[in-house]
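What follows is a short report on a single structure.
The values are calculated or read from the model by the stated rules, or taken from the named source; none is laboratory data. Everything numeric in this text was worked out from a predicted model, so none of it was measured. Please note: Cβ atoms are built from the backbone with ideal geometry, for glycine as well, and neighbour counts cover all protein chains shown.
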Amino acid sequence: MADRTSPDEELMRALYEEHAGPLLAFVLRLVDGDRQRAEDVVQETLLRAWRNADRLRGAPGSVRPWLVTVARRIVIDNHRSRQARPREVDPGPLELIPAADEIDRALRLMTISDALGDLTEAHREALIETYFRGRTVSEAAEVLGVPAGTVRSRVFYALRSMKLSLEERGVTA
Amino acid sequence: MNRPAPDHGQYERHEQHTAVGAYALGVLDEAGAARFEEHLAGCPECAAELDGLMGLTPLLAELKEAGPAPEALVPRPDPALLDRLLDRVAAGRRAQRIRRLCLVAAAAALIVAGPLVGAAVFSEEAPDHSGVSAAKQMYEDGEKIGAVDPATKADVTVSLQQKPWGTHVALRLAHVRGPLTCDLVAVGKNGERQVVTTWAVPPGGYGLDGTDTAGTGDKPDRADKGDKWSKEPLYTHGGAALNRNDISRFEVRTLDGKLLATVKV
C-alpha cells in the first residue's frame, strides 16, 4: 500500500477535507445530479490542484476560484467528447452561461454550503427539513418526530450560526 | 380573554423569540406566523433580530434554487474518492520524483554546458559516474573530429555543436595513462586560446587495454602488479566562446604544458 503520510498525501487530504464536499455540490449542479460523473470530475479537479499546489499556495484565496474554473472546464470537455458533435452546431448548455458570473455565483453558493456544513447535524437537519424541503415547522416536526418548538428553536440557532459563519467568510448576510 | 399565568407568559415569550428564524424563512404556518407578528409588534429585540436574519434569506433562497437536491446540499463524497486520490498522488509522486531527477540532471547539464564555467564542475566529477553519461550523450549528438597523436598515441575526439553562445565541445579521450591533470584548449583562427574544460586522469588512465604505453605517466609496471587499467574512455564536455567556424584546432595538454594531442578542425 502506498505511503499515506508524506507531505504530498497530507496536502491532498487537506484539499479533500476543505474542498471536496463544496466542489461536489457545485459539480452536481452542472451534471444534473449525476453523482458518479460529479465524483469523477471532483477527483480530476483535486488532482490537478495537487499538481499545481505550489502555485496555488502562493496566491491565498485563489484556490476556490481555480477549482471552480477547472471543474467547469472538465465538465464542458467531458460533455463535448460525449456528444461527439462539432460544438458550433450544438453548444452545450454550460457554454451559454457567462463564465465569470457563473463562477462568482458558484463561489457564493459554495460559501453558503460551507456555512451549512459548519452547523451541527441537528441544526442543519432542521433547516433542510423545513426551508429546503418546503415544509412548515409543524410538518417538519412530524417528520422528524420532535416537538414543533424544538424545530422552531433549532431553525433559529441554525440561522444565527450561519449568519456568523458567513460573516467570518466575508459574505455579508 | 384569559391572561396567561406569569410563568406561562415567560415561556410563551421565549417560544416567540425563537420563532423569529422560522418567520424569517417563511416556514411558520399561518397561525404561527400570526402569533409571531403579534409578538413582534411589542418586541424590539425580535425586530432587530429579524432585521439581521433577513439578509440571510436571499442567500439561502439562491442555494435552494440552485440545488442540488436537499440531501446533497452538503454532500459527503464517497470515502473511496479520497482513497483513489491518495493512490493517484502516490503514483504521481513517483513519476514526479523521476521527473525531478531528470530536471536536476538537465540543470546540471545546463551548468556544465556553459562556456568555461563547466570546466571546474566537471573536473571534480571526473573520472566518470553521474555526469559522464550526459557527456557521452552530448558527444554522440555532435559533429565528431578525431586524431591519434603519433607521439603519445593519445586518442582524442571532439564532438562539436554550434550554440548561440559559442561552441559546445564534448570530448572522448582514450589511450591515456595517469595520473595527470589535463585541459582541453580551443584555439581560434586568430590564435586566441580558450580553455574548454579541465580534468584529472586517475592512475588507471582512460581507454587502455593493458598493453598500451601511451601517456606520460609512470612506466607500465602497474599492469604487471595486477592493477586494472581502465578500459573505458573519458567523456567530458565544456564550451568555448568561439563560433565553430572560428576554431582552428583543439589541444589536449597537461597543466604543466605538455601537449598530448592536437585535433585540427
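Things worth noting here:
- Summed over region A:127-149, the residues that are more than 9 Å from chain B (Cβ to nearest Cβ) and within 21 Å of B:Val74 (Cβ to Cβ) give a count of 3.
- Note on region B:18-47: residues that are part of a helix (DSSP H, G or I) and within 8 Å of chain A (Cβ to nearest Cβ) amount to 8.
- The condition (being outside the structural domain of A:Trp66 (by TED's automatic domain parsing), touching an Asp or Glu at 6+ places or on another chain (Cβ under 8 Å) and among the charged types (D, E, K, R)) is satisfied by just one residue among A:Arg124, A:Arg152: A:Arg152.
- Screening A:Gln43 against (1) more than 8 Å from chain B (Cβ to nearest Cβ); (2) more than 13 Å from the chain's Cα centre (by Cα) leaves a single unmet condition, (1).
- Candidate set from region A:9-31 (those that are more than 14 Å from the chain's Cα centre (by Cα) and without any contact (Cβ under 8 Å) to a residue 12 or more places away in the chain); member that is nearest to the other protein chains (Cβ to nearest Cβ): A:Glu9
- Residue among A:Val137, A:Val171 that alone is modelled with pLDDT of 90 or more and not assigned by TED's automatic domain parsing to the domain that holds A:Leu24: A:Val137
- Scan region A:1-50 for residues that are in a helix (DSSP H, G or I) and surrounded by fewer than 14 Cβ atoms within 10 Å (Cβ to Cβ) and the total you get is 5.
- Qualifying residue in region B:9-17 (condition: at the interface with chain A (Cβ under 9 Å from one of its Cβ atoms), at negative phi and modelled with pLDDT under 85): yes
- Meets criteria (closer than 22 Å to B:Thr262 by Cβ and either surrounded by fewer than 20 Cβ atoms within 10 Å (Cβ to Cβ) or at pLDDT 85 or above (or both)) for B:Thr197: no
- Residue pairs meeting the criteria (Cβ under 8 Å; at least 6 apart or on separate chains; first more than 7 Å from chain A (Cβ to nearest Cβ), in region B:58-80; second among the aliphatic types (A, V, I, L, M)): B:Glu71/A:Ile128
- Extreme residue, farthest from the other protein chains (Cβ to nearest Cβ), among residues of region A:154-169 that are without any contact (Cβ under 8 Å) to a residue 12 or more places away in the chain and not aliphatic (A, V, I, L, M): A:Glu168
- Within region A:121-173, restricting attention to residues that are assigned to a loop (DSSP other than H, G, I, E, B) and within 18 Å of the chain's Cα centre (by Cα), the residue that is nearest to B:Ala33 (Cα to Cα) is A:Val171.
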